[in-house]
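Before any comments, here is the structure.
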Amino acid sequence: MIIGVPKEIKNNENRVALTPAGVSELRKHGHTVYVQATAGEGSGFPDEEYVAAGATMLPTIEEVYGIAEMIMKVKEPIAVEYDLIRENQLLFTYFHFASSEELTRAMIAKGAVCLAYETVEKSDRSLPLLVPMSEVAGRMAVQEGAKYLEKPLKGRGILLGGVPGVKPARVLILGGGIVGTQAAKMAAGLGAHVTLMDISLARLRYLSDIMPENVDTIMSNEYNIREEIKQADLIIGAVLIPGAKAPHLITRDMLKLMRPGTVLVDVAVDQGGCIETCSPTTHENPTFIIDGVVHYCVANMPGAVPYTSTLALTNATLPYAMQLANKGWQQACRDNAELKAGLNVVEGKVVYKGVADAFGLPLVPVAELLQQEETV
């Protein structure tokens, strides 16, 4: 298969979809890999390393899209890339379709095959291609939240871990999944008093067993959230419904319950956000203030630590990319239910329920399409 790796062009996105080591593995299996010049520089991988691994470098993004059968990216295509995408071309990347009707309709119109990292799902409901970036984002949420609690950045002026004789900051985390767990570990390690909320009692029991003593667990419901936000200094939204829009757990009217300088970090913002007043920001302009509350809503948080993120992402995606390249997407998805779950939009048809529900679009069963391909 011919695989293309374009340079990410979303604002301050320094990650790249494939490391030189990943190129080397694909080349060993007889595949051709084209990488756009300087695509890996932001992650610390110069062109020379890709060439040494067997990649062919192309100067422009147009050439990469024009030659590749499978495009491997990190973030979803943006508007200037839409016209570069060809009918039946396989795109393997994070899409988060449910948060963008424009992107969804563009991919339907292009007739591309869109296989989303974030909905590849194992039989135990875990999301293997979302986990590494969720781990990075969870830890970064605390790191960034601690920074924006500083007074010069309009926060409350609180040191997350406090000092002897002074209480530490109070951190509220909504969601006890991968992001929430990593955020809780990070905040607790820095000495903060952490409250972790989730709707699953079984999950809360598990978290209570593994977390240090400065982490409390509380059942998540509107009453408890309203009570906890009154005393929280840093609030982290870490809610995920795979492939669907995140629910608003903190609404606009709740901001008046918070103290001025409270910091909100919405890690779910690329899925619509679990804080109503959050809208996507960039690393260039990461925050805004509403009712005295600092909102940090960067949609590609791991892009700020691209070396770590790129290595972690390639470790997870490469085995799946290898299956797609070796077998073609149809056979790979027939053989592997995890990959099949990643299909969101296929040749003009929506095949993922969360996306269809988000925009009232007709849903075509993915098995039906794969069966059609098999009988052609």
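The values are calculated or read from the model by the stated rules, or taken from the named source; none is laboratory data. If you're wondering where the values come from, they're calculated on a predicted model, not measured in any experiment. As a convention, Cβ positions derive from the backbone with ideal geometry for all residues, glycine included, and neighbour counts pool all protein chains shown. Only protein heavy atoms, including side chains, enter the accessible area calculation; ligands, DNA and RNA are left aside. Shrake-Rupley method; radii C 1.70, N 1.55, O 1.52, S 1.80 Å.
Annotations
- Per residue, in Å², the accessible surface of the range 56-195 once ligands and nucleic acids are set aside, probe 1.4 Å: 39
- DSSP bridge pairs, the chain: antiparallel proportion in percent, nearest 5: 20
- Kirkwood analysis of the Cα pair distances in the range 260-313 returns a hydrodynamic radius of 11.7 Å.
- Rounded FRET efficiency, nearest 0.05, which uses the C-beta distance separating residue 21 from residue 327 and R0 of 30 Å: 0.85
- In the range 170-251, the inverse of the mean reciprocal separation of distinct Cα atoms equals 12.6 Å; this is its Kirkwood hydrodynamic radius.
- Note on residue 79/residue 315: beta-carbon distance plugged into 1/(1 + (r/R0)^6) with R0 of 30 Å gives a FRET efficiency of 0.45.
- Near residue 246: Cβ cut-off under 10 Å, other residues only, Lys/Arg at +1 and Asp/Glu at -1. The net charge is -1.
- Look at the alpha carbon pairs under 8 Å that are at least 6 residues apart: their mean separation over the length of the chain gives a relative contact order of 18 percent.
- Long-range amide H partners of residue 116 with built H, under 5 Å: 343, 344
- Near residue 35: Cβ cut-off under 9 Å, other residues only, Lys/Arg at +1 and Asp/Glu at -1. The net charge is 0.
- Antiparallel bridge percentage (DSSP; both residues within the range 246-376; nearest 5): 50
- Calculated on alpha-carbon atoms, Rg and Dmax of the chain in Å: 21.3, 73
- Column: log10 I(q)/I(0), Debye, Cα scatterers of the range 205-333, q = 0.19 Å⁻¹: -1.14
- Rg/Rg_ref, the range 283-323, where Rg_ref = 2.2 N^0.38 Å and atoms are Cα: 1.73
- Those Cys residues of the chain for which no other cysteine Cβ falls under 4.7 Å: 114, 274, 333
- Length gained on full extension, residue 224 to residue 283, computed as 0.36 nm times the residue gap minus the Cα-Cα distance: 18.1 nm.
- Charge tally in the Cβ shell below 13 Å around residue 127, where Lys, Arg are +1 and Asp, Glu are -1, residue 127 excluded: -3
- Residue 37 long-range amide H proximity, modeled H, under 5 Å: 58, 60
- Surface composition of the range 210-366: carbon plus sulfur atoms contribute 54% of the solvent-accessible area (1.4 Å probe, protein chains only, all chains present).
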